[in-house]
Structure formats: C-alpha cells, structure tokens
Amino acid sequence: MNKQTNKAFTDSELDELLHISASATPPEHFTQQVMASINALPQTIQNRPTWWQWLALTLGGVPAIMQTLAFMFSAWHVAAIG
Amino acid sequence: MNHIKPRHPLMAAGMSLILPGFGQLYNGMVNRGLLVFMAFTLVTLPLVLWVTFSLPTSMTLALLILTVMINAGIWIYGIVDAWKTAKNNENYILKDWQLPAVYLLIFLSAIFYFVPSMSQYMRTNLVESFSVPSVSMAPSVLQGDILFANKNYNCVGCAQAAKRGDIAIFINPNNRTQYYIKRIVGLPGDRIRIEGHQVMVNSVSLSKGDVDETSNVTVITEKAGNIEYQVQYNRRFNKPLKEFIVPNGEVFVLGDNRNNSKDSRHFGTVPLQDVVGKASQVWMSRSEDGFRWERLGLVLK
C-alpha cells in the first residue's frame, strides 16, 4: 500500500507547477450553459399566502364547514312532523 | 420554471378544516388527500348502513354517536396531518396542476355536489330524525320527542315492509309538504271496525283486555301483528266506525291517543307509497318541565 505524505508546497514550487501545465480550455458556450443551469434552478417565492387566498379560505370556509357538519349530522338533522 | 414555494402550515390546516383532505392537496399529496376525504365520507355511509340494516334498533343511537366520533377523529387527523406536513415542506416545488382554478373546481364539486348528495342519500334512504310536536301518539310517542326513523322501509329492496303495529312516518294526504306519524293498524284488504274502545281487524279485536283506569284516561294494551303497545282514550264519546275494507295499495292508520288524533278516521287511508319510514328510537325528549332523560334511547314499538 502506498503511503501518502502531506507535504506543504512552497509558492515557488506552485509557480513552477503552473508554468509547466497547460491551461484548461473551457467547453464551447460554457458561460451560457452555466447561466441557463442557474436559471433552471427552482426559485424561492415568498412563503406567505396573499390576502385574497385568506379571503377565499374564509368565504369558502363558511358554507363548506356548514355542509361538512350537515353531512356528519345528517342522521340527526331534525324534520318536523305535522 | 419550477418554483420552490414552501407550504404555509396555517393555510394547509385551514384548508383541511373547511374540507377534509383539502389541506393534503395543498401539500401536493393527492393520494393522501383522497384517502382522508374518502375515509371521512365513505366510512360513515357503510357504518350507517350497517346500523340500519343489520343491528338491533336499540343500538341505533349508540352507533350513530360512534359514527360522528369517527368522523370528527378523521377530520381532526386531516387538519393535524396537513399542518405537520406543511411545516416540514420548506423546499416544496409547486406542481403543475396546483393552480387556483383546480383548487376551486375540486372545492366546488365536493361542497356543492358530493357532500350534499351523500347527506341527502343518508336522510332519504337510511336514517332521518323527526321531532314530534303533537300528542296524537301518546303514550307511545310523546309530544317533544325527537326520534330516529328507519328510512330503509317499505320500498323495493328495503329491509322491512310495512306491517301492522309499525309506527309509520308518512306524507299527510291533505298536505304533501308535511309528515305525519301514526300506527299502521290495517293493511290492504283488511276489514276495520271500531266500536267504543275496541278496534277490530278482520273481526279480531286488537285489545288484549288490559285496562288501566287509574288516571283520567283509560289505557288499553293492544296487539297488532307481533307488536304489543298501549293506547289511551279519554272519557269523551268515541265515534264508531262501520266495517270498512282497506283498499289495495293503502294502509289504515290510527294515533295511539285515540281521542286526540287526526288519522284514517278523518282523512281516510294512506297510500303505501307515501309511507316513508318507521319510527325506531327516541334520542331526545323534552317537555315543558325539561328533558325527559328516561326516554333517551327508548326503542319504539
């Protein structure tokens, strides 16, 4: 098994290394692709429901709860006998 | 474009409050929403069907209370579940179908079609409650009684056919917007005759001869079919009824409070098709002096 040693590079050694290695060429349309990917990421929209959503919930809620309760208690709904 | 739109717990809980399962849809969980809604509605109907068709009448009240409790439990579960799921859904990506118009369509269909239809089905075909404002059926049914009526009665495919002795709910022949409650005494083809305190059906007296005259009324025990019950007369003169044959497709009904009842002696026989239910159990009874607790759960016969 090879034993790895942690050796700190000096600045001069790093300069030397950069000089001997060729610069990587970015792929074609790299910038545009990166921007397109960023645009495709999900956007966070404000969490809080708007006022009209609360209004709809309240206005719709009244008849809805009445109907739901009417169903729950349908056997108990009293009709009058003459 | 996709949007991360965290779910708002209060909105989710509110939506489940107004319609069971609606908050789950808001959280994007279609299957769970449907399951909660179906549990809320369809669990109730089979339970009530079971109560109506299979179990003894004496269990109607207890089991209908149980169905309400199950309903409430499912409803509360739906609210809590919607709240918790929304709270843990901070990175929720809005689905394509989650549009206001879709919510509106689902809401309107459920609230103005499915739920009312099921309520109506239950009241028309299974069980309905009636309040009794008159004394015409005393001493069996008292003024102020509220009772369950079995609506799975006297129809094609129904569990029970109309028979002598049943306390029937029927449409008032003179006012079809009103229900009446009386006891069926004669079936189609029966010969009915009334003399004094004696009601004769096919020349056989219904009276069993037990007379209780301790109060200011005379209480007589009668037996029609297999059902034994008590009727009462006051001291007033009872108009006799000459022998009369009940026409086909009709029934002859009498109130148990014979001197204080408008029944077939006044409005004639009642078409069988207008007999819509059979009184089964009292679930509340109130007089001027307050609640009559002893009548709670009383099985009517």
Q: Of all residues in region B:203-231, count the ones that are closer than 22 Å to residue B:161 by Cα and either basic (Lys, Arg) or surrounded by 12 or more Cβ atoms within 10 Å (Cβ to Cβ) (or both).
A: 8
Q | Options B:219, B:204, B:199, B:246: the member that is assigned by TED's automatic domain parsing to the domain that holds residue B:139, farther than 25 Å from residue A:79 by Cα and without any contact (Cβ under 8 Å) to a residue 24 or more places away in the chain | A | B:204
Q: Quick one: count up the residues across region B:223-248 that are modelled with pLDDT under 95 and not in a strand (DSSP E or B).
A: 9
(Q) Anything in region B:274-291 that is farther than 11 Å from residue B:130 by Cα and of a type in the set (Gly, Ala, Ser)? List them, or say none. (A) B:285, B:287, B:290
Q: Would you be able to tell me the number of residues in region B:258-274 that are crowded, with 17+ Cβ neighbours inside 10 Å and not in a loop (DSSP other than H, G, I, E, B)?
A: 5
Q | Checklist (1) within 7 Å of chain B (Cβ to nearest Cβ); (2) modelled with pLDDT under 90 applied to residue A:67, failing item | A | (2)
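Residue-wise test of (1) out of contact with any Gly (no Cβ under 9 Å at 6 or more places or on another chain); (2) within 13 Å of residue B:231 (Cα to Cα); (3) in a strand (DSSP E or B).
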| site | (1), (2), (3) |
| --- | --- |
| B:180 | no, no, yes |
| B:185 | no, yes, yes |
| B:188 | no, no, no |
| B:192 | no, no, yes |
| B:200 | yes, no, yes |
| B:208 | yes, yes, yes |
| B:211 | yes, yes, yes |
| B:216 | yes, no, no |
| B:219 | yes, yes, yes |
(Q) Show me the helices (runs of 4 or more DSSP H) entirely contained within region B:50-159 in which 3 or more residues are within 12 Å of another protein chain (Cβ to nearest Cβ), under 23 Å from the mean Cα position of the chain (by Cα) and acidic (Asp, Glu). (A) none
Q | Residue satisfying all of: in region B:1-30; out of contact with any helix residue (DSSP H, G or I) (no Cβ under 6 Å at 6 or more places or on another chain) and more than 10 Å from chain A (Cβ to nearest Cβ); farthest from residue B:93 (Cα to Cα) among these | A | B:30
Q) Counting only residues that are more than 26 Å from residue B:293 (Cβ to Cβ) and of a type in the set (A, V, I, L, M, F, W, C), how many does region B:58-87 have? A) 8
Q. Out of all the residues in region B:169-198, which are over 19 Å from residue B:148 (Cα atoms), surrounded by 14 or more Cβ atoms within 10 Å (Cβ to Cβ) and among the β-branched types (Val, Ile, Thr)?
A. B:185, B:192, B:194
Q.
Being buried (at least 21 other Cβ atoms within 10 Å of the Cβ), on the phi > 0 side of the Ramachandran plot and of a type outside the set (Phe, Trp, Tyr) is the requirement here; does residue B:21 meet it?
A. yes
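The values are calculated or read from the model by the stated rules, or taken from the named source; none is laboratory data. Fair warning: this is a prediction, and the values are worked out from it, not measured in the lab. Note that each Cβ is placed from the backbone with ideal geometry, even for glycine, and that neighbours are counted across all protein chains shown.
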